[in-house]
Amino acid sequence: MAEEENVKVAVWVRPMNKRELGRKAKCVVSMKGNITTVTNPDDSADVKSFTYDYSYWSFDGCKEEPNGYFAKQSPNSKYADQNTVYNDLGGGVLANAWAGYNSTLFAYGQTGSGKSWSVIGYGSNKGKK
């Protein structure tokens, strides 16, 4: 029997890119547990909340280790590192594929939003150390 048999939906908040920082953009997304909240930048009373299986915060709260891996800055940080995402999502998909089951991992988002980073990571920040 497959280890993972259900659909999981996750959202990931990445750090701002150089363009966003240059425009002095502000973060309008916040997360608490599996709830993601988006605030209208023009009307702070206009707030929408969405519940997912996982809400991953990687906007800030990390430190770069000597080997290049981005880890939580402190034990209380809500930063989601690559191992967290892999253990929650990727490991089950991979286990099913190796067991001979059809498995799909679907990543959706705008160009440059971090889909490849979320799915496979790079260098020291691969999903599994």
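The values are calculated or read from the model by the stated rules, or taken from the named source; none is laboratory data. Note that the coordinates shown come from a computational prediction; the quantities given were computed from them, not determined experimentally. In this analysis, Cβ positions are derived from the backbone assuming ideal geometry, glycine residues included, and neighbour counts consider all displayed protein chains.
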Under 6 Å by Cβ, and 6 or more places apart or on different chains, what pairs join a residue from region 86-100 that is more than 18 Å from Val11 (Cβ to Cβ) with one that is of a type in the set (S, T, N, Q)?
Asn96/Ser103; Ala97/Ser103
Among the residues of region 11-52, count how many are in contact (Cβ under 8 Å) with a residue 12 or more places away in the chain and at positive phi.
1
Taking the options Gly109, Gly92, name whichever one is touching a Lys or Arg at 6+ places or on another chain (Cβ under 9 Å), surrounded by 14 or more Cβ atoms within 10 Å (Cβ to Cβ), small (Gly, Ala, Ser) and modelled with pLDDT under 85.
Gly92
Flagged in region 26-62 as assigned to a loop (DSSP other than H, G, I, E, B) and surrounded by fewer than 12 Cβ atoms within 10 Å (Cβ to Cβ), in numbering order, are Lys26, Gly33, Pro41, Asp42
